[in-house]
Amino acid sequence: MAGKKDKGFFATTETDIQELVPSDPKTWCIALNRNNPEWIKVTAQMHDHAMTLAGVPSSSFYSDARTHVHVMVAVAAYYGFDAGRGSYDSYNIEAEALGQKMIYSPSAMPTVDNRQPLINAKEDLAKLRVPDWLNAGRVRFALDVIKMNAGLGLNRGYFCAPFSLAVLLRSYSRLIRDMRRDPEFAHDLFSFIVDEVLPSYLALQKEYCGTDVGLGSDAWAAFPNMTPDLLEEWVVPYTRRLNDNLKKQNQSALFVAGADYCEMRTDCFSAEIMGQCLDIQRKFMGGAPVFILGMGAWDKYPLEAVQEYLEPLKREGTRAVITCGVPAQLLRNGPTIAIQETIRRMIDAFARDHNISFWLANIPSDTPSDHIHAAVAAIHQYGRLPIAKHLEDIEVEVPEREPLHEFIEKISEGAGLGLEL
């Protein structure tokens, strides 16, 4: 925790957790962002970091929706993000509900036990059935988070995309081998997922939460886990098939992280492959020029390659929608000057010709808060609209911030914010 690490604002025991979470944080981000100038927006993937910073045990954070959402919104407000919402371990919910063994840690999110895949032998697939969703695993927790998010103005569902769910049930190595040596079985697995599992789960989200759109996370389908050829053959068709199924129940899905260019060996960077990945991302978004530069080493990649890819859109006057990711390793290790320089380069490269936002990519749990405050300050100050001609002339000022627990105590009283909590 920033500052008084050993105190913690929230409870560290199950008994007191409900009494100590903030009573009503839903307007915090709105109040803090009131009267802000027009600037580039920033949000984050940060479940474990928020949980650790607040001193909340994982047993509550990943099972109690009220605790989860209140903590996530409190930390979002603390950092000055432009939105606050619950964002749990969305990859795990369906797999656990189907019967997949999980590993629970006192200090980290639950994760699939890949030593014991649910589909260990191929005949195991025939034994699987769509679960009684409301009484399976942590489905009610996920539904309650989605419903609370709707109260914060974000009315969309979350699910694990078909390829990533297949990996979690079968394991990555086995699934890739199936795709090569026994494609009929692999197709049977994907068909079960997109025809039975996910439509029924998303139908429940619609009924329980009122969502018409689901966001499917698909990091297992990022490059180089999957080549562009494999993405075209195995991932794109099943995302389309899922959407076709969802149309029958008046729903739709968008897919993120699939085809994300994540080559960590920067000496192997390929503008051609990156372009192919961006083409596939566009297919995931129904043809719209919406792109995610998410989990890759964007502090090291040549951004000119992305500019060249976007040049045809620029010439025709089309503004792409780009989510710019700040790498997790950079956020954790810093230094802050490198974090801010990465942000400046991305704004300088894209923000004048396209509509961009920033996403802090899965902030590690032990990331210093000073690094996140510095990142947000850089995004908002370099990203003041209209974008300045010479960003290098802007000296970013990072405000001094109190520890999280002091911030929460102050804001819970509505100090200076005109809140009635």
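The numbers here are math on the coordinates, done by the rules we state, and not lab data. Keep in mind it's a predicted model, so treat the numbers as computed, not measured. Cβ placement follows ideal geometry from the backbone for every residue including glycine, while neighbour counts extend to all protein chains displayed.
Available extension along the chain between LEU385 and ARG115 is 92.2 nm, counting 0.36 nm per residue and deducting the alpha carbon span. Spacing of the modelled spin labels on LYS127 and ASP366, each 7 Å from Cα toward Cβ, amounts to 4.0 nm. Charged neighbours of MET264, selected by a Cβ distance under 14 Å, balance to -2 (K, R count +1; D, E count -1). If you model region 329-411 as an ellipsoid using its alpha carbon gyration tensor, with each semi-axis the square root of five times an eigenvalue, the axes come out at 24, 15, 12 Å, biggest first.
For region 89-412, the relative contact order is 11 percent, taking Cα pairs closer than 8 Å that sit 6 or more residues apart in sequence and dividing their mean separation by the residue count. Applying a DSSP loop filter and a limit of 13 other Cβ atoms within 10 Å to the trypsin sites (Lys or Arg not before Pro) in region 197-294 leaves LYS248, ARG265.
Each 10 Å bin from zero holds the following percent of Cα-Cα pairs in the chain: 4, 21, 31, 27, 14, 2, 0.
Kirkwood radius and radius of gyration were both taken over the C-alpha atoms of region 262-421, and their ratio Rg/Rh is 1.02. Converting phi to 3J(HN,Hα) with the Karplus coefficients 6.51, -1.76 and 1.60 and the offset θ = phi - 60°, region 115-124 yields 6, 10, x, 4, 9, 7, 10, 4, 5, 5 Hz in sequence order, with x at every glycine or proline. Give the calculated FRET efficiency between ILE394 and VAL213 to the nearest 0.05, with a Förster radius of 41 Å applied to their Cβ-Cβ distance. The calculated FRET efficiency here is 0.65. Karplus-derived 3J(HN,Hα) values for region 242-248, using 6.51 cos²θ - 1.76 cosθ + 1.60 with θ = phi - 60°, are 4, 5, 4, 5, 5, 4, 5 Hz; glycine and proline are entered as x. Scalar couplings 3J(HN,Hα) for region 66-74, obtained by applying the Karplus form with A = 6.51, B = -1.76, C = 1.60 to θ = phi - 60°, are 4, 4, 4, 5, 5, 5, 5, 6, 4 Hz; x denotes Gly and Pro. Less than 5 angstrom separates the built amide H of LYS41 from those of PHE358, all sequence-distant by 5 or more or on a different chain. When each of the peptides 46-53, 341-348 is scored by how many other beta carbons lie within 10 Å of its residues on average, the order from highest to lowest is 46-53, 341-348. The count of lysine pairs in region 89-412 whose Cα atoms are under 26 Å apart, excluding pairs fewer than 8 places apart on the same chain, comes to 14.
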